[in-house]
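One structure is given here, and the rest of the page talks about it.
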Amino acid sequence: MNKSLALKNKIYLFFSLISLFFVFLYLLYFLINGERGLISYYKINNYMYELQKTLSDIETKNIYLSNRIKRLETNTIDLDYLDEQLRNTTGFIENNEVIIKFN
């Protein structure tokens, strides 16, 4: 009887260790590859970095365009900038100017 009890305890111990090992593997797998795992964390960080870079580019462009708008407002008009825009859009030149075109 004693031997069968010892064998029974060893079998329980063996299956409990095996089940613990599989639970550990399961948790380790989802720690690395799960929805909230390490790989997902680094993917999200990378995506956030790209979005921050895009935001920075858009903010820079916004500042540039705001500056252009501010230079053409009626209260604070920049005459040199207005002249430059007129020449770029209409091709206007004055009588004493010569156009030199390089190909």
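The values are calculated or read from the model by the stated rules, or taken from the named source; none is laboratory data. Keep in mind that what you see is a predicted model, and the values were worked out from it rather than measured. Every residue, glycine as well, gets a Cβ built from its backbone with ideal geometry; the counts of neighbours run over all protein chains shown.
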Problem set entry | Cβ-Cβ under 7 Å pairs, at least 6 apart or on other chains, segment 71-92 side acidic (Asp, Glu), far side modelled with pLDDT of 80 or more | 78/71
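To keep it simple, each residue is scored yes or no on (1) at pLDDT below 80; (2) exposed (fewer than 10 other Cβ atoms within 10 Å of the Cβ); (3) within 21 Å of the chain's Cα centre (by Cα).
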residue: 37; (1), (2), (3): no, no, yes
residue: 48; (1), (2), (3): no, no, yes
residue: 55; (1), (2), (3): no, no, yes
residue: 68; (1), (2), (3): no, no, no
residue: 90; (1), (2), (3): no, yes, no
residue: 93; (1), (2), (3): yes, no, no
residue: 99; (1), (2), (3): yes, yes, no
